[in-house]
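First comes the structure, then the notes that go with it.
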Amino acid sequence: MLEWLDATWHQLNQVRNQGRLPHALLIIGAEGVGKQVFASQLAHSLLCETPLVDGQACGRCAACAWLQAGTHPDLLQLSPEEAGKAIKVDQVRSLCTELGMTSHAGGHKVAIIHPADAMNTNAANSLLKTLEEPTHNTLLILLTALPGKLPATIRSRCQQLRLILPQQSVAQRWLESSGVPADVATRCLQMAGGAPLKALELAGSDLGELREQRLEELWQVFSGRLDPVLLAGQWLGKQESQTLHWWLRWLRDLISWQMGRRQPADVEAVQKLQKISESVDSRQICNLADQVIRALNGLGSGLNRQLILEDLLINWAGMGAMGKNGSRAGNG
Ligand SMILES: [Zn+2]
């Protein structure tokens, strides 16, 4: 469980152990606080054949295997057919019919509606009957960041559960442990209004684009179409160490690929690596990888960062030029 939702999870688990779990739960919380994770873990826990003491699903039984594959017949999920559009009355009707039937596995039936505020008026009305006369062993979980958009008739028939955003330091630590560099984590958390999962998503798209750009720039320097000193200046102050980590990984991929060990894990880089591997030998790449490691250490040591980057990129450009000028003839 996400650590900032732990306390809420334990409260709910106590309620469950006392046999007082409601038939309908309205989970309220900001976008990116973890409502879907929470709802999904609750559903898994209810459908698991042998849940753990803390209420979490075991992850090992047959039901858990179905859940992990997304094919458990007693877990129903309802969302707009198109992102940003309404949940329609027909969708709710078929969900309610399904929910009214006996469960396949003989235990609970769980439905998650996300976001519940996307139901149009007719859709919300058609859910009322199910909320008023719930079938035994069913749980409806409604998720919303905007409870005010739900009809009062719906809200009043659900038990409400509020998920609270974590403190900034907790969210920061969680993002960093998820592999987001500290400065990116701070910036994305600000943009996401403190919501960790939204920040993680922002960080992913942010860094994903940059990674692609860096690979392209390296390729341009290697093929003599971009000046290494100019590029060093552009890299300065913009995720330099992250960039060097990516570069190192590409070089290692290239080395193990040349040695016939494995295909590079990074699919986008494959094509470019292939061209590089035709013109440069493994020894040169190993040397450069060592240099990148030394540069990574150097970046944090007060040495001139611009010079460190220039050195690396000039060597890289030199390797490209050597390959092109036919030091290994026949590969052009
Ligand atoms: Zn299980």
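The values are calculated or read from the model by the stated rules, or taken from the named source; none is laboratory data. These numbers were taken from a predicted model, which means no experiment stands behind them. With ideal geometry, Cβ positions are generated from the backbone for all residues, glycine too; neighbour counts draw on all protein chains shown. All accessible areas refer to the heavy atoms of the entire protein, side chains included, with ligands and DNA or RNA removed. Shrake-Rupley method; radii C 1.70, N 1.55, O 1.52, S 1.80 Å.
So what does the Cα-only Debye profile of the stretch 3-164 read at q = 0.09 Å⁻¹, as log10 I(q)/I(0), no solvent term? Those come out to -0.27, one per q. Cross-link reach is defined here as a Cα-Cα straight distance under 19 Å, omitting same-chain residues fewer than 8 places apart; for LYS272 the aspartates and glutamates meeting it are GLU209, GLU212, GLU216, GLU217, ASP227, ASP253, ASP281.
Across all directions, the average projected area of the convex hull around the alpha carbons of the chain is 21.5 nm².
Per residue, the accessible area of the chain comes to 51 Å² when a 1.4 Å probe rolls over the protein heavy atoms. Within straight-line reach of LYS35, meaning a Cα separation under 26 Å, sit the following lysines at least 8 residues removed in sequence or on another chain: LYS85, LYS88, LYS109, LYS129, LYS149, LYS198.
List the trypsin sites (Lys or Arg not before Pro) in the stretch 13-89 that DSSP assigns to loop (not H, G, I, E or B) and whose Cβ has at most 14 other Cβ atoms within 10 Å. Which are they? Sites meeting the loop and neighbour criteria: ARG20, ARG60, LYS85. Under 5 Å from the amide H of ILE112 lie the amide H atoms of LEU76, GLN77, LEU78, ILE141, each residue being 5 or more positions distant or on a separate chain, with H modelled from the backbone and absent for Pro and chain starts. Here the gap between GLN234 and GLN159, fully extended at 0.36 nm per residue and compared with their Cα-Cα distance, gives a gain of 21.6 nm.
For GLN160, the residues whose amide H sits under 5 Å from its own are LEU26, ignoring neighbours fewer than 5 places away on the same chain, with H placed 1.01 Å from N. With R₀ set to 25 Å, the beta-carbon distance separating ASP90 from GLU201 gives a calculated FRET efficiency near 0.25.
Computed in the context of the full set of protein chains, the accessible area of the chain at 1.4 Å probe radius has 51% of its extent on carbon or sulfur.
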